[in-house]
Amino acid sequence: MEFTWFDFVVLPILIMMARVVDVSLDTIRVIMVAKGYRNLAPFIGFFQSFIWLITITRIMANLDNWFTYLGYATGFGLGTYMGMILEGKLALGYELVRVITKREAEQLIDGLRERGFPVTTVSGIGRDGEVGVLYVIIRRKALREVVGIIQQFNPKAFYTIEDMRYVSSHALLSPSRKGPRFRSRHR
């Protein structure tokens, strides 16, 4: 095969770029299906498969050009990475933050509620005695802010973060800047 710039440089780069877009879209599509955004996922799947079909057609037409294989594989790796970055930026879905605290949690509860986060509190008994358990359901985009508030008001609190597939009422999650609506006596 005679060397041409298009076949050995431009085509592999185009294949790589197409794979970056294709795999990034696939990552977002899978996450959307898992998080319950099922109306948008089929449209993303259409474009993702269309790009893949065009890409694989170009590779099949150039089977003796192993640079297209390198472009394909490189694009897959970069697309996976880009998909993860995009998913992190989109921050789709909801999280449940569960905070278990041994000391008085009134300031933490007030701090969360003053910033509009819904907090549900429950008393419990842990290994070393009485504890307070706080449940905060938030949009993923607010996670960093909530963790910052926890660390500000109770840096030694134990907390877990769980991904939520479905939330029945989005109205409860809208941050209201009106301040706390309820007072709690739980720790």
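Read-outs throughout are calculated quantities, based only on the coordinates presented, and are distinct from any laboratory measurement. Since we're looking at a predicted model, the values are computed, not measured. Ideal geometry is used to build each Cβ from the backbone, glycine not excepted, and the neighbour counts take in all protein chains shown.
Worth pointing out:
- Added length on full extension, which subtracts the Cα-Cα distance from 0.36 nm per residue, GLU145 to GLU104: 12.7 nm
- Net dipole in debye of the chain [+1 Lys, Arg Cβ; -1 Asp, Glu Cβ; about Cα centre; nearest 20]: 1220 debye
- Values (i) 68, 32, 25; (ii) 79, 32, 28; (iii) 43, 40, 34 are given for comparison; Cα extents along the principal axes in Å, derived from the coordinates here, is the one labelled (ii).
- FRET efficiency, THR57 to LEU78 (Cβ-Cβ, R0 22 Å, nearest 0.05): 0.60
- Spin-label model distance (nm) - LEU96 vs PHE6, 7 Å beyond Cα toward Cβ: 5.8 nm
- Listed from fewest to most Cβ neighbours within 10 Å, the set VAL23, VAL33 follows the order VAL33, VAL23.
- Partner aspartates and glutamates for LYS156 [C-alpha distance under 20 Å; skip if fewer than 8 residues away on the same chain]: GLU104, GLU106, ASP110, ASP128, GLU130, GLU145
- Annotation: the residues PHE46, PHE67, sorted from fewest to most other C-beta atoms within 10 Å of their own C-beta, follow the order PHE46, PHE67.
- Computed from Cα atoms, the angle from the helix 11-35 axis to the main principal axis of the chain rounds to 30 degrees.
- The ranking of ARG127, ARG139, ARG98, ARG29 by Cβ neighbour count inside 10 Å, starting from the fewest, reads ARG127, ARG98, ARG139, ARG29.
- The chain: relative contact order as a whole-number percent, Cα under 8 Å and 6+ apart: 25 percent
- Projecting the Cα atoms of ASN154, MET32, ILE54 onto the charge dipole of the chain, computed from C-beta unit charges around the Cα centre, puts ASN154 farthest toward the positive end.
- Near GLY93, the amide H atoms lying under 5 Å from its own belong to ARG140; only residues 5 or more places off or on other chains count, and H is placed 1.01 Å from N.
- Annotation for TYR135 and VAL33: the two label points, set 7 Å from Cα along the Cα-Cβ direction, are 3.0 nm apart.
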